[in-house]
Amino acid sequence: MDSSATTMVDPQSIPIDQIDVSDPKLYQEDAHWPLFERLRREDPVHYCADSAYGAYWSVTRYEDIVAVDSNHKIFSAHHAVMLDDGRHSGQTEDATVMLPFLAMDPPEHDKQRKIVTPAMSPANIAKLEATIRRRVQEVLDMLPIGAEFDWVPTVSIELTAQMLATLVNYPLKDRHQLVRWSDVSVGIPGDGVIDSWEQRDQELKLFAQTFLALREERRAAPPTSDLISLLAHSPEAQDMSIQDYISNVILLIVGGNDTTRNSMSGSILALHDHPEEWAKLNANPALIESMVPEIIRFQTPLIYMGRRATQDVELGGKLIRKGDKVAMWYISGNRDSEAIEHADRFIIDRPRPRQHLSFGFGIHRCVGNRLAEMQLRILWEEILKKGWKRIEVTGPVRRAYSNNIRGIVSLPVRIHA
Ligand code: HEM
């Protein structure tokens, strides 16, 4: 079956000034594409005067997004990475409080980023490779051949949960608790994860208690390469407030959870929708190298990142005023054919596959990018070793109700041996 969009919005029927791409339903229905296509063409720096999160600007072209993301002095991340700053949604606190250095400017940003960066160094993640590969093999070995099953919980969630447990050295048997906390921390009431902001706060309190106790445990033990041990022993992390420590752990768990999980599910969907690319891959497994960044571009796991203007600034002929909210729609920039040839197509042997916006640009560029790529590379190396004919998507794709995380909630598949 064709797994493409089910609900299409006619982009021409909406007056341009009424286009509001922040509606989470658009992404749940995969119905945002024509709106962004029109914005890139007619109004690439677009003002939305009224949305559930108040007024905001949309930056939709590749080059403009790079310009905003690279200019942290004029476009501040300070409590601004989400359109929802709590004032409009009834949230009990600013959503960005949970995302510490992602939502900070220098010098505080640089100081905190420096503390966690060693955990993501090539040398450190190389140490995880053998464990991750063994776990991928175990999960793939269990899959039913010829019978329908849901790829998302069986493979994508399972593998990312195991990766997170490895990263923070958490008991493997309790790995799904990490996923739950990650889901809760980015949940919106009514999205099927949480029912109210109070519920979120309650569940995250337990998270905080658990990880404060873990830090004490790691402090009492010799340093190891896991992230909590790193935060427990790093001299720079000693004066970190409890709130910052907890938020940093959440950031790393959230950063590694949805994004990697949805890239895995997205890769199955993209190869199902592009059988010619599956054929290319089978004929030449070395293409995994260039396919991995293409998967991440095509999926664009984080739909946008927000900023706030620190001064009046002109962008694309528009005047953005000091204090205005600005959303960089990575999902749109990654489909900008002015910057990326045949941007709407999934092509696994692109000559410059890393030319995409999915990891952002500038000082906030994703610290976990190598880990995410490694996880996807191992998954596909192990899938190809199985010699399966194809992985067919057999039922409707269910997508997440979110304007921030491009999530695949359910993906029924059948493996053809
Ligand atoms: C395919 C997977 C991933 C994608 C698409 C992704 C995407 C992003 C994006 C768009 C940003 C913000 C960039 C900006 O504002 O310019 C970011 C930041 C970040 N990511 Fe990732 N990410 C992924 C995987 C990971 C993993 C596996 C981890 C860690 C386990 C991680 C941890 C972080 C952290 C800590 C930041 C904050 C960096 C900063 O503010 O300096 N990410 N990521």
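Worth pointing out:
- Residue satisfying all of: in region 91-109; within 14 Å of the ligand (Cβ to nearest atom) and part of a helix (DSSP H, G or I); modelled with the highest pLDDT among these: His109
- Cβ-Cβ distances below 8 Å connect the following pairs, each with a first residue in region 349-371 that is over 16 Å from Asn334 (Cα atoms) and more than 6 Å from the ligand (Cβ to nearest atom), a second residue that is among the β-branched types (Val, Ile, Thr) and at pLDDT below 95, and a separation of six or more residues or different chains: Arg370/Ile125.
- Check on Glu373, more than 17 Å from Leu143 (Cβ to Cβ) and part of a helix (DSSP H, G or I): yes
- Hey, Glu314 free of Cβ contacts under 8 Å to residues at least 40 places away in the same chain, among the acidic types (Asp, Glu) and surrounded by fewer than 22 Cβ atoms within 10 Å (Cβ to Cβ) or not: yes
- Residue, modelled with the highest pLDDT, within region 197-234, restricted to residues that are closer than 19 Å to Asn124 by Cα and part of a helix (DSSP H, G or I): Arg218
- Matching residues in region 184-215 - criterion: being of a type in the set (Asp, Glu) and surrounded by 12 or more Cβ atoms within 10 Å (Cβ to Cβ): Asp191, Asp195, Asp201, Glu203
- Residues satisfying the stated conditions in region 105-119, i.e. without any contact (Cβ under 8 Å) to a residue 40 or more places away in the chain and buried (at least 18 other Cβ atoms within 10 Å of the Cβ): Asp105
- Considering residues of region 382-401 that are surrounded by fewer than 20 Cβ atoms within 10 Å (Cβ to Cβ) and among the small types (Gly, Ala, Ser) only, the residue farthest from Arg133 (Cα to Cα): Gly395
- Among the residues making up region 282-305, those that are part of a helix (DSSP H, G or I) and surrounded by fewer than 20 Cβ atoms within 10 Å (Cβ to Cβ) are Asn282, Ala283, Pro285, Ala286, Leu287, Ile288, Glu289, Ser290.
- Candidates Leu411, Leu376, Leu371 - the one that is within 14 Å of Ile268 (Cβ to Cβ) and under 17 Å from the mean Cα position of the chain (by Cα): Leu376
- With respect to the conditions (1) away from the ligand (no atom under 15 Å from the Cβ); (2) buried (at least 21 other Cβ atoms within 10 Å of the Cβ); (3) not small (Gly, Ala, Ser), Asn257 lacks only one, and its number is (1).
- Flag for Asn248 being near the ligand (Cβ under 10 Å from one of its atoms) and touching an Asp or Glu at 6+ places or on another chain (Cβ under 8 Å): no
- Within the set Ala343, Ala327, the sole residue that is within 23 Å of Ala77 (Cβ to Cβ) and not polar (S, T, N, Q) turns out to be Ala327.
- Residues that are more than 29 Å from Leu83 (Cα to Cα) and β-branched (Val, Ile, Thr), drawn from region 147-188: Thr154, Val155, Thr166, Val168
- Filter result for the condition that a residue is away from the ligand (no atom under 16 Å from the Cβ), assigned to a helix (DSSP H, G or I) and either at pLDDT below 95 or out of contact with any Phe, Trp or Tyr (no Cβ under 9 Å at 6 or more places or on another chain) (or both), over Glu341, Glu381, Glu392: Glu381
- Restricted to region 317-343, and to residues there that are in contact (Cβ under 8 Å) with a residue 40 or more places away in the chain and among the charged types (D, E, K, R), the residue that is surrounded by the fewest Cβ atoms within 10 Å (Cβ to Cβ) is Glu338.
- Selection of region 120-169 for residues being without any contact (Cβ under 8 Å) to a residue 12 or more places away in the chain and within 14 Å of the ligand (Cβ to nearest atom) yields only Ser121.
- Remark: pairs (first residue in region 178-194, closer than 13 Å to Leu251 by Cβ; second residue of a type in the set (A, V, I, L, M) and outside any helix (DSSP H, G or I); Cβ separation under 7 Å; 6+ apart in sequence or on different chains) = Val186/Ile405.
- Selected residue [buried (at least 19 other Cβ atoms within 10 Å of the Cβ), of a type in the set (A, V, I, L, M, F, W, C) and in contact with a Leu (Cβ under 7 Å, 6 or more places away or on another chain)] from Leu178, Leu231: Leu178
- Scanning region 211-222 turns up one or more residues that are under 23 Å from Pro171 (Cα atoms), within 16 Å of the ligand (Cβ to nearest atom) and out of contact with any Phe, Trp or Tyr (no Cβ under 7 Å at 6 or more places or on another chain).
The values are calculated or read from the model by the stated rules, or taken from the named source; none is laboratory data. Small disclaimer: the values here were computed from a predicted structure and weren't measured. As a convention, Cβ positions derive from the backbone with ideal geometry for all residues, glycine included, and neighbour counts pool all protein chains shown.
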